[in-house]
Structures are given as C-alpha cells and as structure tokens.
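Engineer: Okay, handing you the structure first.
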Amino acid sequence: MRSPGVLHVDSEIVVPFFDVDSMDVVWHGHYVKYLEVARCALLDHIGHNYTAMRASGFAWPVIDLQLRYVRGAVFGQRLVVRASLVEWESRLKINYLISDASSGERMTRASTVQVAVRIADREMQLASPAIFVAAVEKALT
C-alpha cells in the first residue's frame, strides 16, 4: 500500500488547451508538469522551496519518477494534485494523487525521488542536509 505521507498539499490545475493531444486527452508528458506544480506548493508549505535549497548550497535533482495512468484528463477539466511527503531524511520522496476536482475520481498516481547534491562540487549526499530536515520537522509541528 502506498504511504499517505506525513503531510500533504493540494493544488488545483485546470487543463489548458495546449496540454491536450490529437486524441483530446492530456499528453502523457504534461503530467510531470502537474507534479512539479504540486511539489513546489509542498516545498513552499514546508518553508524550504527551490530558492532556499539553492541558497543553502544544494540542488535536488529528480532521480526517479513513477507514473501510473488510470484515466486521461481532458481540456478544461479541473484536477486536484495532492503531493504527500513520504521520506526526507536521506532523500526526498513524494507521492502524488491526481484526481478529478468535481467527482474525486482518481486519474493518476505518481511518485518522485530526489537527492541532495552539493552545488559546489556536484557531490551527491547520502543524507539530506540538516537545514532541510529542520524545515520539515518544523512544518510537522
């Protein structure tokens, strides 16, 4: 069973026309963009977004991305993208659920894994930087 995470943030997205393909559904690659919107909202909620990450000397590249498509979204559809924090001490793992805003129907499940990389020497860290862990712990209280 997928972990619900220790905290989550919901973001609403209305599918724009330029995201649909010739079959009138969202092209599969655009879902990654929707995950990014939700991930940024979650990091803002934690108080340690990408700007703060860079300022602390670390980049956080995505090293793993999993997507499971259940039902295709269509132009104009209102979606809720829930980003749930699952792991943060040695890596950043976030689970996502994309659902229809009106019915609550599940559309897509996903997860991403990111690791801290020290910007100065591009060395991958085996543990998350203390400043990030502290921000998460503060957000959990």
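Engineer: Need the failing condition index for Ala55 against (1) within 13 Å of Ile13 (Cα to Cα); (2) loosely packed, with under 15 Cβ neighbours inside 10 Å; (3) free of Cβ contacts under 8 Å to residues at least 60 places away in the same chain; (4) of a type in the set (A, V, I, L, M, F, W, C), just the number.
Structural biologist: Status for Ala55: all satisfied but (1).
Engineer: Out of the range 109-124, which residues are surrounded by fewer than 16 Cβ atoms within 10 Å (Cβ to Cβ), touching a residue at least 40 places away in the same chain (Cβ under 8 Å) and in a loop (DSSP other than H, G, I, E, B)?
Structural biologist: Within the range 109-124, Ile119, Ala120 qualify.
Engineer: Ok, one more. Where residues in the range 89-141 are in contact with a Ser or Thr (Cβ under 7 Å, 6 or more places away or on another chain) and hydroxyl-bearing (Ser, Thr, Tyr), which of them is nearest to Arg68 (Cα to Cα)?
Structural biologist: It comes out as Tyr96.
Engineer: Right, next: Only one of Ser84, Ser56, Ser103, Ser128 is small (Gly, Ala, Ser) and within 16 Å of the chain's Cα centre (by Cα). Can you tell me which?
Structural biologist: On the way: Ser56 fails: within 16 Å of the chain's Cα centre (by Cα); Ser103 fails: within 16 Å of the chain's Cα centre (by Cα); Ser128 fails: within 16 Å of the chain's Cα centre (by Cα).
Step by step, each of Ser84, Ser56, Ser103, Ser128 is checked, and only Ser84 is small (Gly, Ala, Ser) and within 16 Å of the chain's Cα centre (by Cα).
Engineer: Looking at Arg68 and the list (1) of a type outside the set (Gly, Ala, Ser); (2) closer than 20 Å to Phe132 by Cα; (3) exposed (fewer than 12 other Cβ atoms within 10 Å of the Cβ), which single condition is not satisfied?
Structural biologist: Among (1) of a type outside the set (Gly, Ala, Ser); (2) closer than 20 Å to Phe132 by Cα; (3) exposed (fewer than 12 other Cβ atoms within 10 Å of the Cβ), the lone unmet condition for Arg68 is (2).
Engineer: Tell me, which strands (runs of 3 or more DSSP E) wholly within the range 1-108 include 2 or more residues that are among the acidic types (Asp, Glu) and in contact with a strand residue (DSSP E or B) (Cβ under 8 Å, 6 or more places away or on another chain)?
Structural biologist: Working: elements: 7-14, 62-69, 78-87, 92-100.
By residue number, 7-14.
Engineer: If we keep just the residues of the range 16-43 that are within 19 Å of Leu140 (Cα to Cα) and free of Cβ contacts under 8 Å to residues at least 24 places away in the same chain, which is surrounded by the most Cβ atoms within 10 Å (Cβ to Cβ)?
Structural biologist: Leu43
Laboratory data are not the source of any read-out in this text; all were calculated from the coordinates shown. Source: prediction; values computed, not measured. Glycine gets a Cβ as well: all are built from the backbone with ideal geometry, and neighbour counts include every protein chain shown.
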